[in-house]
Structure formats: structure tokens, C-alpha cells
Amino acid sequence: MAGIRKLSPVSASRSHSSLKFDIFIRSLALAEAGSVIFAAVVSKYLYIDLFLAQDQAVWLYLLPAPLLAVTLYLFMKQAGLYEAGALTEPAVAYGKLWGALTMSLLVLLGTLYVFKSAEGYSRGWFLTWFALSAVMLVAVRVAAKKRLRRMVGAGRLIRRVAIFGTLDFIAKMKEDIESSDPSIVVDGLYLAKPAVIASSEVSFEGGLAELKTALAEKTYDSVFIGLPAQDTARIQAAVSGLASYSTELLLCTELDPYPVVVHGSRNFGQLRTNVVNLVPLSENHGFIKASLDYVVAAVGLICLAPLFLLVALAIKLDSPGPVFFRQRRYGQNNQVFRIFKFRTMAVTEDGKHVKQAERNDPRVTRVGRFLRRSSIDELPQLLNVLTGDMSIVGPRPHALAHDQIFEEKLDLFSRRRRVRPGLTGWAQVHGFRGETKTTEDIRSRMQHDLYYIDNWSIWLDMEIITRTVFVLFRGAY
């Protein structure tokens, strides 16, 4: 077995000194419960004491708070908000968070009604408590995510996993697993017998029997099984032997990269199929997303009409040429449309070769430089939203020539076109905008766009719109 890299599990001292995810999650649950109880007291002070100018005992308003906290925990647990994956996701699940709070409040109101206690509380206080709790829950969740990132970066928060399989699978899987997520530590290596290796090359915890003993003691959060697809007997034995434990099992039967992205599987009778493309979530909720788009676009055009007139006048006075710049872009399902922008350059390129704007680009006019830095040049795309070619939030469209270049470099790039392009997007609010000089620039933008498509919710759209306000003046060159 020459050439196999020496592998060794994480030292025991590091494992014991690191905080496990379940402890962090329990702390978060207590903090969120405390926030809604605290919100009840603050709401009593704001509404009862200050607004109504009434003197009532605080304990009366503390009584229903623990019930709300308990039901909130149960609903949030059911919604998956206390799973490790939900905490490591970059976006806050506003919809699930506030949905759980709404259901909890309804349960509380129903309970108080059954016991004929609801009449003793002001509806204004309930509404104030609900609004303040919604804000505080988001604040606690955002703070927890930031702390989680810091703890993971410092190695103080880990998810312990084990790998069971053949030597070649273990070597490749350990490297890929740990590089994919800094919070994951491969803390145990278990060899599938039979195998002949020099004991000095690799440090193992044992085989399948030893792994079962470790799982009985809840040593690992997940177990990866790595065996070649043709070795059906050992795969069956491993899965059957470990399936009776509560630990998550993940099976890997192929070390080479898959030719396509797989989004789970579906069974049709005896036939098993891999899902290689999903209908975007926004398409399944098209009415909600379209309603937001049309309302924001219509209101925006009405409110910004005076600004549009001033910008049009400035462009005409500054340089010869049209006020609007129209260029062909790829829309949803590869449909080509013409995007509206205020003209910011002395040229209006739209051919096979379109040069990207650069810092201190001589083609940019004096007025155009201000429009690009303030992102005002993008505002006419509200017209594209009203015509249905674009959305308020979505992957930013590129010139056709650029799209074709990017698609040649990155196989997944075309997946961005499964949804309507947007004025702003998840990539833009994370700073990925302007010129793309390297393949990594394109890859980072693409990865953020694909994350948005796969994790869309109306609340994520609202978050992006809000965050866009704070990056408006970080425009392009």
C-alpha cells in the first residue's frame, strides 16, 4: 500500500476541549426562550405602563411567557431550526422563525381562552409582545450565527464524524470531508475487513464491531460508509449493522466526481433514479414572488419618476447619445431579452465581443461614473420587472458574450438561468459585483446565485432587498 498518505484521527485532547453542536444548540434554545420572556416584560412596560399609563403587577405578564417559550421551542424544533445545518446556513430562515412564533402565539391564545384567562390581557400588549419577540428572535439568531462562525474558525465547535470503509475510500473521503466544512472533524477511522496494510501507515480505531461500540456510546454525530459500488455484500452488511443506531449514516460508493449534480433520489417501484435538476422553489411559489416583484417595481417607478427625469436630462447634457442603454441578456430558460439601463458610457456595445467595465475605464462618461458608483444606472430595470423579463431579486444577468465565456469555464453556470434574473441578488449583497477578472470571481458569484435558487423564500428576498439598501453606493466602476 505504498503511496497512501498517513492518516490519524484528531487527538483526544482537542475532541474533549471542543464544544459539541448539541450543547451550542441547547444554549441557543435557552437564549431564544429567554428573549421572548424578556420581550413580554418590556412590552408590558412599553404598552401598559407608558402607553396606557396603568399600574399592574409584572408577574401577571410573566405567567404566559414560559408557555409561549416552550411551544415556540417545539415548533422551531419541528421546523428544523435547531439542526446543525440550519445554523451553518448563511441566511436566517425568517419565514420558519416567524411562522413558529405565530403558531406558538395562537396556541397560547387558545390555551388562555380555554381557561377563561384571555380577558385579563390587553390585545395591544399581545401585539406588542409578538412584534418585539419577532425582532429579538432574529437578533438572537443572527448573533448566534456570528458566534458559531467564530467558534468554528477557532476550532472550539465541531461535529465529530467517523469513516468506515476501504483504505482508498478512507484516504480520499477524509480529505474531502474536512475541506468541505470547517466544523466537521473526522475523529475515527474504521477499516472494512479484509485488508492488508502496514500498521505504521494508518491509525485505525478498529473495524465494524468497534464502530458499533462507539455508536452505542453516541461518540459520533455522523458516520460515512465508503465502499465500492460493486461490493454489494459489504455495503449491505455495513448498512444493516449500523442502521439500528440513531447516528446519521451517509453512503459513498464512487470516488470519482459525479458528471452531474445529484439532488437526492426517488424510487419508482424497484427503479431508483437520481434527481439531477429540481424545479426552483420560486417557481413553486410563483404568485407570491411575482406579487412582490410587481408591487415593488410599480411603487418604485412612481416614486423615482422625478429622479429619472433629472438623470435623463444630465445624460443628454453630458454626452451625445441615447438616455437608455439596451443590451441583450439571457433571461429565464435561456430566453433572450433586452435589459434597460441608463447609459453610462460613450459606447453601447452589444455584439460578440463586449469588454467589461474596468476601474478608471475611459469609456465611462462623467455623469456615468456617478451613476455607476451610486447604482442609479440599474434603476430602469424596474421596467424589465414589469414586463416579466426580470425579478427584483435573482442572479444578475450578463452580456450574452460574457455568459457564453463563463459557461465554458464552469459547467454549473447555466443553472443560474433556471429563474428570472434580478436587479439585485445574494451574490451582490455579499460583495460579488462589478468586473470578474478571474475564474474564481465567477465561481464565487455563481455559488452564491445557486445557493439563492436552492434556498429561496420570500423572506430571503426581503432580506436581500433590505441589505441592498446598505450596499447601493458600492456600485460598479
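The values are calculated or read from the model by the stated rules, or taken from the named source; none is laboratory data. Source: prediction; values computed, not measured. All Cβ positions, glycine included, derive from the backbone under ideal geometry; neighbour counts span all protein chains shown. Accessible surface is based on the protein model in full, side chains and every heavy atom, while ligands, DNA and RNA are left aside. Shrake-Rupley method; radii C 1.70, N 1.55, O 1.52, S 1.80 Å.
At a glance:
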item: Cβ-based net charge around Gly99, under 14 Å, with every Lys or Arg adding one and every Asp or Glu removing one; result: +3
item: Principal axis dimensions, largest first and in whole angstrom, of region 237-298 by Cα; result: 61, 30, 26
item: Projected-area mean, region 264-355, by convex hull of Cα positions, square nanometres; result: 10.0 nm²
item: Using a Förster distance of 51 Å, the FRET efficiency for Arg338-Ser222 (Cβ separation, nearest 0.05); result: 0.55
item: Percent accessible area from carbon and sulfur atoms, the chain, protein chains only, probe 1.4 Å; result: 60 percent
item: Evaluated over the chain, the Cα radius of gyration and Dmax, each in Å; result: 27.8, 81
item: Accessible heavy-atom area order of Lys116, Lys289, Lys212, Lys193, highest first, probe of 1.4 Å; result: Lys116, Lys193, Lys212, Lys289
item: The chain - accessible surface per residue (Å², probe 1.4 Å); result: 53 Å²
item: Highest-first arrangement of 424-432, 107-115, where packing means the average Cβ count within 10 Å; result: 424-432, 107-115
item: Ser282 - accessible surface, heavy atoms, 1.4 Å probe, Å² rounded to 10; result: 10 Å²
item: Directionally averaged projected area (convex hull, Cα atoms, region 104-211), nm²; result: 12.0 nm²
item: Percent breakdown of C-alpha pair distances by 10 Å bin, ordered from the shortest bin, for region 361-477; result: 13, 45, 36, 6, 0
item: Net charge, Leu189 excluded, C-beta distance under 10 Å - Lys, Arg +1, Asp, Glu -1; result: -1
item: Protection proxy ranking of 335-344, 291-300 - average other beta-carbon atoms within 10 Å, highest first; result: 335-344, 291-300
item: Distance cut-off 19 Å, percentage of C-alpha pairs in region 398-456 lying past it; result: 19 percent
item: Long pairs among Lys77/Lys174; Lys77/Lys145; Lys146/Lys289; Lys174/Lys218; Lys96/Lys146, criterion Cα-Cα beyond 26 Å; result: Lys77/Lys174; Lys146/Lys289
item: Cα Rg over Rh - region 35-180, Kirkwood; result: 1.17
item: DSSP beta bridge pairing in the chain, given as percent antiparallel to the nearest 5; result: 35 percent
item: Region 121-220 - percent relative contact order, Cα under 8 Å, separation 6 or more; result: 23 percent
item: Sequence ranges 49-55, 60-66, ranked by mean other-Cβ count within 10 angstrom, highest first; result: 60-66, 49-55
item: Binned Cα-Cα distances of region 19-108, short to long, each 5 Å bin given as a whole percent; result: 3, 13, 20, 21, 16, 12, 8, 5, 2, 0
item: Where the Cα pairs of region 282-426 fall when distances are cut into 10 Å bins, in %; result: 11, 39, 35, 14, 1
item: Spin-label zone in region 174-193 - amide nitrogen under 14 Å from a point set 7 Å from the Cα of Glu248 along the C-beta vector; result: 177-178, 180-186
